[in-house]
Amino acid sequence: MRHILKCRKCGKYTLSKECECSGKAMENKPPKYSPEDKYGSYRRKAKEKQRMTEELL
């Protein structure tokens, strides 16, 4: 099965491993989510801060 790849150099999406601009393409998938990851506390603090600033507007 083929996946959509994104060029690192120009940002275009392609199905081949090399882009037309001669840049390498990489998979465009987000990291796997886990509620127990080591960055979870930072993510929750950032969301809380964002919610507080939105209420003040």
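Bear in mind these aren't lab numbers, they're just calculated from the coordinates by the rules spelled out. In this text, all values refer to a predicted model and were calculated from it rather than measured experimentally. Here Cβ is always computed from backbone atoms with ideal geometry, including for glycine, and neighbour counts include all displayed protein chains.
Things to note:
- One residue alone among GLU18, GLU55, GLU36, GLU27 is among the charged types (D, E, K, R), free of Cβ contacts under 8 Å to residues at least 40 places away in the same chain, in contact with a strand residue (DSSP E or B) (Cβ under 9 Å, 6 or more places away or on another chain) and loosely packed, with under 10 Cβ neighbours inside 10 Å, and that residue is GLU27.
- Count - residues of the range 1-38 that are acidic (Asp, Glu) and part of a loop (DSSP other than H, G, I, E, B): 3
- For SER41: the one exception among (1) exposed (fewer than 11 other Cβ atoms within 10 Å of the Cβ); (2) in a loop (DSSP other than H, G, I, E, B): (2)
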